[in-house]
1. Go through region 350-382 and report how many residues are closer than 29 Å to ASP87 by Cα and touching a residue at least 60 places away in the same chain (Cβ under 8 Å).
2. Residue check, ALA544 against (1) open to solvent by less than 70 Å² (accessible area, probe 1.4 Å); (2) on the phi < 0 side of the Ramachandran plot, all met but one. Which one?
3. Which pairs turn up if I take residues in region 223-236 that are on the phi > 0 side of the Ramachandran plot and look for partners that are open to solvent by 10 Å² or more (accessible area, probe 1.4 Å) with beta carbon separation below 7 Å, at least 6 apart in sequence or on another chain?
4. Can you confirm whether SER367 is open to solvent by 10 Å² or more (accessible area, probe 1.4 Å) and within 28 Å of the chain's Cα centre (by Cα)?
5. Restricted to region 410-465, and to residues that are among the charged types (D, E, K, R) and in a strand (DSSP E or B), which residue is most open to solvent (accessible area, probe 1.4 Å)?
6. What residue, among those in region 252-281 that are out of contact with any Gly (no Cβ under 9 Å at 6 or more places or on another chain) and in a loop (DSSP other than H, G, I, E, B), is least open to solvent (accessible area, probe 1.4 Å)?
7. Within region 326-349, which residues are without any contact (Cβ under 8 Å) to a residue 40 or more places away in the chain and farther than 26 Å from GLY315 by Cβ?
8. Taking the condition assigned to a strand (DSSP E or B), aromatic (Phe, Trp, Tyr), open to solvent by less than 20 Å² (accessible area, probe 1.4 Å) and modelled with pLDDT of 95 or more, does PHE288 pass?
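The values are calculated or read from the model by the stated rules, or taken from the named source; none is laboratory data. Keep in mind that what you see is a predicted model, and the values were worked out from it rather than measured. Don't worry about glycine lacking a Cβ; one is built from the backbone with ideal geometry, like all the others, and counts go over all protein chains shown. Note: accessible area is taken over every heavy atom of the protein model, side chains too, but ligands, DNA and RNA are not part of it. Shrake-Rupley method; radii C 1.70, N 1.55, O 1.52, S 1.80 Å.
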Amino acid sequence: MAARRGICSLLSRSLLSSSCSSGYGFGSFLQSRGRVSRLHGRGRRFSSSAVAEEELVTPPVQISYTQNLINGQFVDAASGKTFPTYDPRTGEVIAHVAEGEAEDINRAVSAARKAFDEGKWPKMTAYERSRILLRFADLVEKHSTELAALETWNNGKPYEQSARTEIPIFVRLFHYYAGWADKIHGLTVPADGKYHVQVLHEPIGVAGQIIPWNFPLLMFAWKVGPALACGNTLVLKTAEQTPLTALYVAKLFHEAGLPPGVLNVVSGYGPTAGAALASHMDVDKVAFTGSTNTGKVVLELAAKSNLKPITLELGGKSPFIVCEDADVDKAVELAHFALFFNQGQCCCAGSRTFVHERIYDEFVEKSRARAQRRVVGDPFKKGVEQGPQIDSEQFAKVLRYIKSGIESDATLECGGDRLGSKGYFVQPTVFSNVKDDMLIAKDEIFGPVQSILKFKDIDEVIQRANATRYGLAAGVFTTNLDTANTITRGLRTGTVWVNCFDVFDAAIPFGGYKMSGMGREKGIYSLQNYLQVKAVVTPLKNPAWL
C-alpha cells in the first residue's frame with residue numbers, strides 16, 4: 001500500500017512478481033554459481049559501521065504532530081484509526097499517525113474549497129503571499145535541526161544529507177517561489193478588429209497533491225511552492241511511510257501566517273486517501289509523484305471523475321554514459337554518486353551505467369573498489385554515506401532484483417546481500433557484464449544496485465539508452481564537446497547532466513519523456529501547472545490605435 005508500490009496499493013512503485021523463497025540471505029545461492037563464487041568473499045569487505053552490533057543514535061527530536069491538518073487544525077481521522085510509521089534502521093514503530101480515508105479527504109477538500117472561494121488567500125496581493133512564503137522559509141531554517149533529524153529518522157537517509165543538502169534546497173525553493181508570486185502576470189494581445197484583448201493567468205483552484213517517500217521534504221516543496229505562489233489552495237497526501245516532516249512544516253506554514261484551509265495535509269494509504277483525492281469531483285487539479293503504473297491509475301481516476309488536469313513525475317531507468325575519453329577515476333566517482341545517492345532510492349538514478357569498451361575493465365575494477373569503500377550504517381552517525389532502505393517491502397524487492405541479476409548470469413562484482421541482522425540495510429552491489437534484456441537493466445530497482453554495460457560507439461549507445469519505456473534523465477561523461485552535443489540531443493529524456501549529476505537548482509525544470517510522466521516540476525514551467533488561462537475581449541469605440 002505504499003506511495004511508490006504497485007497498482008493494488010494505488011500510489012506506489014511496482015514490485016517484482018517473483019518472491020525470494022530463500023529469504024534475504026544469498027550465501028548458499030551464490031556459492032552454487034561459479035561465475036560469482038570467486039567474487040563473493042570480497043563482496044563482504046564493505047566499510048560498514050557494524051550495523052548488526054552498533055548502538056544506534058537516539059534521534060535528537062520529539063515527534064509532535066501525528067494528526068491530519070485540516071482547516072488549520074490538527075485533528076484525528078474521522079474513523080479514529082491510526083497507522084504505524086517506522087524507523088527503517090530497526091523496523092520498529094516510532095509513532096502512530098492518523099489514518100486518513102475518504103471522509104478525511106472530503107473534509108480537507110471542503111476546507112480548501114471554502115478557503116479558495118470565500119477566503120482571503122486568492123484575494124491577497126501577490127506581495128502579501130510572497131511575504132508569507134518567505135516567513136515560512138525563515139521558520140524552516142530556524143527549525144532545521146529538528147526537521148533534518150525527523151527526516152532521517154522516518155526515512156533512513158544520512159543526517160548529513162538531510163541537514164546540509166536537502167533542508168537548504170527546501171529553503172531555496174520557497175525563496176524562489178516567493179519571488180515568483182508577484183511576477184505572475186497576463187498579456188495584452190492584438191486582435192483583428194476594434195477589440196481590447198486581455199489574457200489572464202488565474203489560479204486553478206483546489207489542487208490535490210500526492211508525494212512519495214524518498215524525498216518527503218523536497219517533494220513537499222516541489223508541489224506546494226508553485227501552487228501557493230499562484231494563489232491556489234491545497235490538499236496534500238503524504239506517503240504513509242514518511243508522514244512526519246510534512247505535518248511539521250505544515251504547522252510552521254500556519255505560524256508564518258497562512259490562512260486556515262489553504263494547506264491541508266492528510267496521511268493515509270493509496271487505495272483509500274489517495275484514490276479519494278485523485279477522483280474527487282471538487283478537486284480542480286492533481287499532481288502526483290510515484291511509479292509509472294500508479295501514475296496510470298491516478299490519470300484514469302482524474303479522467304473518470306471531472307477530467308481534472310494532472311501532472312505526473314514517474315519512474316526512470318536513467319542511462320549514465322561514460323565515453324572513451326573520460327577520466328576514469330572521476331567518471332567512477334560520479335557514476336557511483338549517480339546510482340547510490342539516497343540509498344539508490346531516486347527516480348532519476350543513473351541505474352544503467354554504459355561504459356566504452358576501451359576503458360570498461362578498468363572502470364569495473366575501480367567501481368567495485370569504490371562500492372566496497374562505501375560507508376553503510378546508522379544514518380545519524382557522521383561519515384555514513386548510506387542508510388537503510390525505506391521499509392521491509394522495498395528491502396525485499398531490492399534483494400529479489402539482485403537474485404535476478406545473478407540468475408541472469410551478470411557478474412556480481414561485490415555486494416549481493418543484506419548488511420547486518422536488523423533494519424533494512426543492503427550491501428552496495430555492483431554487477432558487470434550486464435545485458436540490455438536483463439531485468440536489472442530494464443526495471444527500476446530503486447536500490448543500491450549498479451549495473452555496468454559495455455558499448456562500442458556513440459550511435460550504438462544512444463540507441464540502447466533510448467530503448468526503454470522511461471525517459472526521465474541521463475548523464476554523459478566526456479571531455480569532447482561535440483560528443484556531448486551529439487549525445488544530449490539524441491537522448492529522449494527530460495534532463496541530461498553533462499559531467500555532473502543530480503543538479504537540482506530551483507530554476508531548472510524537471511520531468512520526463514515517454515512513461516516517465518507529463519508536465520514539469522520546478523522553474524517557470526511548474527507555474528503553468530497551477531494556472532488557468534482566460535481571454536477577456538472587450539469592444540473598443542473609436543480607438544486611437546489598434
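1. 14
2. The one condition ALA544 does not meet is (1).
3. Every condition considered, the pairs that remain are GLY231/PRO122; GLY231/ARG129; GLY231/PRO203.
4. no
5. The extreme case among them is LYS454.
6. That would be ALA256.
7. Passing the criteria: VAL328, ASP329.
8. Spelling it out, PHE288 is indeed assigned to a strand (DSSP E or B), aromatic (Phe, Trp, Tyr), open to solvent by less than 20 Å² (accessible area, probe 1.4 Å) and modelled with pLDDT of 95 or more.
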